[in-house]
Amino acid sequence: MTNPLVTDCINELNLTQDQAQGALGLLLTQLKKHLSETDFRTVESTLPNCQEMMAKAPKSRHSFLSGLASSLGGDKGKLLMDLRQGLQDLNIPNDLHRPLAETLKTSFETHYPELQPLVEKMQV
């Protein structure tokens, strides 16, 4: 069964399945880092193939810029750098980063409204 969040990214942004799955996995990986264990268990139990999507996320690389962003902007700065780097690793062009975020936000609201408050906890 294909995750509707992945399908929305493919249909609206013309991403490949690997790019869409990797982008969702990247988001889920960041949610796991920033939510409480209880909140993330709610995400896992609600989203189909959650662990599979997380496995598709590019591996995080700690770069000088990520460390600098962390020291200057705290967790939000590091989060932004990690997301940006991950999307670049998936060969998703910079000009699609914002539309991707908007598509995922709308898709969560449409398909999993009960998870929207948890996703919003991570907004930067």
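Brief remarks on what is shown
- Built from the Cα atoms of the stretch 1-63, the convex hull projects on average onto 4.7 nm², one quarter of its surface area.
- Nitroxide proxy distance, nm - points 7 Å out along Cα→Cβ at Lys32 and Asn94: 3.0 nm
Throughout, read-outs are computed from the coordinates displayed, never taken from laboratory work. Everything quoted here is computed from the prediction, not taken from an experiment. Cβ atoms come from the backbone with ideal geometry, glycine included; neighbour counts cover every protein chain shown.
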